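Trainee: Here's a structure for you.
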Amino acid sequence: MNTISLFTDHDIYLFKEGNHFQLYNKLGSRRIVHGEVTGVYFAVWAPNAERVSVVGDFNQWNKTSHPLTPRKDESGIWEGFIKDIENGMVYKYHIVSRYQNYTADKGDPFALRWETPPKTASLVWDLKYAWNDHAWMNTRHKANSLEAPFAIYEIHLGSWKRVPEEGNRYLTYKEMAHHLGDYLKEMGFTHVELLPITEHPFYGSWGYQTVGYFAPTSRYGNPQDFMYFVDYLHQCGIGVILDWVPSHFPADEYGLVYFDGTHLYEHADPKKGFHPDWKSYIFNYGRNEVRNFLISSAFLWLDKYHIDGLRVDAVASMLYLDYSRKEGEWIPNQYGSRENLEAIAFIKRFNEAVYEAYPSIQTIAEESTAWPMVSKPTYVGGLGFGMKWNMGWMNDTLAYFTKDPLYRKYYNNQLTFSIMYAFSENFVLPFSHDEVVHGKGSLVGKMPGDEWQRYANLRLLLGYMYGHPGKKLLFMGDEFAQVKEWHHDESLEWHVLQYPFHAGVQRWVKDLNHLYRSEPALYERDFSFDGFEWIDFHDWECNVISFIRKGKSPDDVILVAGNFTPVPRHNYRVGIPQGGFWKEALNSDATVYGGSGQGNSGGVDASPIPVHGRAYSLSLTLPPLGILILKHEGGIR
């Protein structure tokens, strides 16, 4: 074992300071040429270890034959070089702690690849790949702009499609690239968001219990296969967002927990370091090396895998020391309050660092409370995310839609209240996986009424989402009205597309996506009062709301009118800001979507009849449980 090093003094300075965000180039295992010898350089952070050695297939898991050497700079890093090790070699670190006679064989926290679960070792691997997505990378700042359309398709890779002829196996990354890329392109989605694909031991965690923060799961292929997946989607014009989990990690002995016989990555006190809901461990964000580890993980995905965005999971659990804890089960901060000051500082530093290094990406917070300025820059006191999931809108909207239309008039505020705060953050409107699991049923299953009404309600719900200010996110299967609750061990119910109602919903979502992307009024000013104007939200008796969406150009004006009852409204007059012809761009009640075919014959000419405080108005047929999207096209038809 030779003692060479990839670390410079400057690396160590940044490491100790908490500002080394490309540690994936230093820690872990790296194949290098040393003199005339090819081998692998190993480096691991284990400051409280008495001894560290590399064990694996290459030495028959001998715990003494290949020891690492501790650096003499008090960094806590152990390193060494082993010759003649090939790519793909399996290994772990055998760690003997200074404390409590603790020994363990640990996977490499910086491993670029892991064995396929339930196996638990790390693999020596490189990330060489010839990318073909230059056109996308050169222009993605436009696709990822806050003024661009975001129609996000959220997906769990292992259950989107299976191969029943081959034991119901998963699709590989390469197979998925073509199936998914072509499907999303046809359907008009702009981005795909992957439930965590970082390596995770328990498949049923959907990826949210991560052990390999620097490696895509081996279940679907190797790292280059995942690069191919991203590459192909980019060539299809689809952005790729990763669900990323810096909030907690699982208790598997070979993972991060109690790594060198001490609470190295996690807090020692369970009141700060153990998550009661998920039975997992919480990162110690106050430790410089832990911040290095997490932000380096984010950088790796953006750097080596060309990822376009990171959706950060469970931000609320990071922000509050008392999250999901009872009185006496948490430790207040230095000011006696419940805010996690170390986590807040980490979140701000994470966002500052990734936006500085990769200004054309977006970070998105899943934050379920009213914490202020989540998606505002840190220099004005915000947390620095680009966008935030609008959980309030999602909960209120679904609560409204589950009501029998007969009683909806008493709950009109649930439908309209979101505009009161719609521009306080850069919101994404999510109908995510969380709404179709744990006994909640499918999205269409939440809708009231007979079969026709359920599917009409679903089309109305989706149309309302696409008209409402905010970027859009839809979980897989919702776009064709999957009937069963989602389960990670089963394929989606693609066979239901043989039935007209399901095919109609899919066609509706496709047409919504394509209209949404083609009309700047529906996305350019998502985060500004300037892009929205109520026409009427007071007609609770008829359960009708109407509003205007506006782009930057005065010519970009869209009218949205929804009827939330199963009773058609004929000659319903709606005030409008401009005279001329208004084209019926989309109607959720069209027969091609499974509707009853009631509408406005392609459009309506405005009349100089004042309504709703406006000089012009339209006399519309509002279809039952239907929504209209009309575009102003100028002169009289």
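Trainee: Are any of the residues in the stretch 137-158 part of a helix (DSSP H, G or I), at pLDDT 95 or above and more than 21 Å from the chain's Cα centre (by Cα)? Reasoning before the result, please.
Mentor: Within the stretch 137-158, the first condition is being part of a helix (DSSP H, G or I), and the residues that meet it are 137-143, 157-158.
If we keep only those that are at pLDDT 95 or above too, we end up with 137-143, 157-158.
From what's left, more than 21 Å from the chain's Cα centre (by Cα): 138-139.
So far as the stretch 137-158 goes, yes, one or more of its residues are part of a helix (DSSP H, G or I), at pLDDT 95 or above and more than 21 Å from the chain's Cα centre (by Cα).
Trainee: Do the conditions hold for Asn62, that is, is it open to solvent by 50 Å² or more (accessible area, probe 1.4 Å), free of Cβ contacts under 8 Å to residues at least 12 places away in the same chain and touching a strand residue (DSSP E or B) at 6+ places or on another chain (Cβ under 7 Å)? Full working, then the answer.
Mentor: Values: open to solvent by 50 Å² or more (accessible area, probe 1.4 Å): yes; free of Cβ contacts under 8 Å to residues at least 12 places away in the same chain: yes; touching a strand residue (DSSP E or B) at 6+ places or on another chain (Cβ under 7 Å): yes.
Yes, satisfied.
Trainee: Within the stretch 465-488, which residues are of a type in the set (Lys, Arg) and either over 17 Å from Phe150 (Cα atoms) or touching a Cys at 6+ places or on another chain (Cβ under 8 Å) (or both)?
Mentor: Quick first cut of the stretch 465-488, residues of a type in the set (Lys, Arg) only: 471-472, 484.
Matches in the stretch 465-488: Lys484 only.
Trainee: Kindly provide the set of residues from the stretch 324-354 that are more than 22 Å from Ile295 (Cβ to Cβ), open to solvent by 60 Å² or more (accessible area, probe 1.4 Å) and either part of a helix (DSSP H, G or I) or without any contact (Cβ under 8 Å) to a residue 12 or more places away in the chain (or both), ordered by number.
Mentor: Residues satisfying the conditions are Lys326, Glu327, Pro332, Gln334, Tyr335.
Trainee: Pull up the stretch 179-189, narrow it to residues that are open to solvent by 70 Å² or more (accessible area, probe 1.4 Å) and free of Cβ contacts under 8 Å to residues at least 60 places away in the same chain, then point me to the one that is farthest from Glu490 (Cα to Cα). Explain how you work it out, then say what you get.
Mentor: Taking the stretch 179-189 first, the residues open to solvent by 70 Å² or more (accessible area, probe 1.4 Å) are 179, 182, 185-186.
From what's left, free of Cβ contacts under 8 Å to residues at least 60 places away in the same chain: 179, 182, 185.
On the way: His179: 17, Asp182: 22, Lys185: 24 Å.
This residue is Lys185.
Trainee: Still on this structure, I have one more. Identify, by number, the condition in (1) assigned to a loop (DSSP other than H, G, I, E, B); (2) in contact with a Gly (Cβ under 6 Å, 6 or more places away or on another chain) that Gly382 doesn't meet.
Mentor: The one condition Gly382 does not meet is (2).
Trainee: Taking only pairs six or more apart or across chains, which ones have beta-carbon atoms under 8 Å, a first residue in the stretch 573-600 that is closer than 22 Å to Asp555 by Cα and in a strand (DSSP E or B), and a second residue that is open to solvent by 50 Å² or more (accessible area, probe 1.4 Å) and of a type in the set (Lys, Arg)?
Mentor: Short answer, once both residue conditions are applied: Phe581/Arg637.
Trainee: Does at least one position in the stretch 81-89 carry a residue that is at pLDDT below 95, touching a strand residue (DSSP E or B) at 6+ places or on another chain (Cβ under 9 Å), assigned to a loop (DSSP other than H, G, I, E, B) and open to solvent by 70 Å² or more (accessible area, probe 1.4 Å)?
Mentor: For the stretch 81-89, residues at pLDDT below 95, touching a strand residue (DSSP E or B) at 6+ places or on another chain (Cβ under 9 Å), assigned to a loop (DSSP other than H, G, I, E, B) and open to solvent by 70 Å² or more (accessible area, probe 1.4 Å): present.
Trainee: In the stretch 555-596, what residues are of a type in the set (D, E, K, R) and touching a His at 6+ places or on another chain (Cβ under 9 Å)?
Mentor: Pass one, the stretch 555-596, residues of a type in the set (D, E, K, R): 555-556, 569, 573, 583-584, 589.
If the condition is that a residue be of a type in the set (D, E, K, R) and touching a His at 6+ places or on another chain (Cβ under 9 Å), then Asp555, Asp556, Arg573, Lys583 are the ones that fit.
Trainee: What are the residues in the stretch 355-372 that are among the aliphatic types (A, V, I, L, M) and either more than 20 Å from the chain's Cα centre (by Cα) or surrounded by fewer than 23 Cβ atoms within 10 Å (Cβ to Cβ) (or both), if any?
Mentor: Ala357, Ile361, Ala370
Trainee: Among the residues of the stretch 402-422, is there at least one that is more than 18 Å from the chain's Cα centre (by Cα), in a loop (DSSP other than H, G, I, E, B) and closer than 25 Å to Lys142 by Cα? Don't jump to the end; show me each part of the working.
Mentor: Going residue by residue through the stretch 402-422, those that are more than 18 Å from the chain's Cα centre (by Cα) are 402-422.
Imposing the further condition that a residue be in a loop (DSSP other than H, G, I, E, B) reduces the set to 402-404, 421-422.
Next, only the ones that are closer than 25 Å to Lys142 by Cα stay: 422.
Yes, there is a match, as at least one residue in the stretch 402-422 is more than 18 Å from the chain's Cα centre (by Cα), in a loop (DSSP other than H, G, I, E, B) and closer than 25 Å to Lys142 by Cα.
Trainee: Which condition breaks for Leu625 when tested against (1) modelled with pLDDT under 95; (2) buried (at least 21 other Cβ atoms within 10 Å of the Cβ); (3) hydrophobic (A, V, I, L, M, F, W, C)?
Mentor: (1)
Trainee: Another question, then. Across the stretch 373-400, what is the total count of residues that are surrounded by fewer than 22 Cβ atoms within 10 Å (Cβ to Cβ) and more than 16 Å from the chain's Cα centre (by Cα)?
Mentor: Counting residues in the stretch 373-400 that are surrounded by fewer than 22 Cβ atoms within 10 Å (Cβ to Cβ) and more than 16 Å from the chain's Cα centre (by Cα) gives 15.
Trainee: Of the numbered conditions (1) in contact with an Asp or Glu (Cβ under 9 Å, 6 or more places away or on another chain); (2) assigned to a helix (DSSP H, G or I); (3) open to solvent by less than 20 Å² (accessible area, probe 1.4 Å), Gly261 satisfies every one except a single condition; which is it?
Mentor: Against the list (1) in contact with an Asp or Glu (Cβ under 9 Å, 6 or more places away or on another chain); (2) assigned to a helix (DSSP H, G or I); (3) open to solvent by less than 20 Å² (accessible area, probe 1.4 Å), Gly261 comes up short only on (2).
Trainee: Among the numbered criteria (1) open to solvent by less than 10 Å² (accessible area, probe 1.4 Å); (2) out of contact with any Lys or Arg (no Cβ under 9 Å at 6 or more places or on another chain), which single criterion is violated by Glu193?
Mentor: Looking at each condition in turn, Glu193 falls short on (2).
Trainee: Could you check how many residues of the stretch 24-44 are aliphatic (A, V, I, L, M) and open to solvent by 60 Å² or more (accessible area, probe 1.4 Å)? Lay out the reasoning, then the answer.
Mentor: First, the residues of the stretch 24-44 that are aliphatic (A, V, I, L, M): 27, 32-33, 37, 40, 43-44.
Among the residues that remain, those that are also open to solvent by 60 Å² or more (accessible area, probe 1.4 Å) are: 33.
Final tally of qualifying residues: 1.
Trainee: Let me spell it out: the conditions are (1) without any contact (Cβ under 8 Å) to a residue 40 or more places away in the chain; (2) assigned to a helix (DSSP H, G or I); (3) of a type in the set (A, V, I, L, M, F, W, C), and Ala268 meets all of them except one. Which number is the exception?
Mentor: The number of the failed condition is (2).
Trainee: Might you let me know whether the stretch 114-128 holds any residue that is among the hydroxyl-bearing types (Ser, Thr, Tyr), touching an Asp or Glu at 6+ places or on another chain (Cβ under 6 Å) and part of a strand (DSSP E or B)? It would help to see each step written out before you state the result.
Mentor: From the stretch 114-128, those among the hydroxyl-bearing types (Ser, Thr, Tyr) are 116, 120, 122; that's our starting set.
Narrowing further to those that are touching an Asp or Glu at 6+ places or on another chain (Cβ under 6 Å): 122.
The next check asks that each one be part of a strand (DSSP E or B); those that pass are 122.
Yes: one or more hits.
Trainee: While we're looking at this one, here's another question. Looking at the structure I just gave you, is Asn19 surrounded by fewer than 22 Cβ atoms within 10 Å (Cβ to Cβ), at pLDDT 95 or above, more than 16 Å from Asp108 (Cα to Cα) and in contact with a strand residue (DSSP E or B) (Cβ under 7 Å, 6 or more places away or on another chain)?
Mentor: no
The values are calculated or read from the model by the stated rules, or taken from the named source; none is laboratory data. Only a predicted model underlies this, so the values are computations on that prediction, with no experimental measurement involved. Note: ideal-geometry Cβ built from the backbone for every residue, glycine included; neighbour counts use all protein chains shown. Remember, those area values only see protein heavy atoms, side chains included, never the ligands or the DNA or RNA. Shrake-Rupley method; radii C 1.70, N 1.55, O 1.52, S 1.80 Å.
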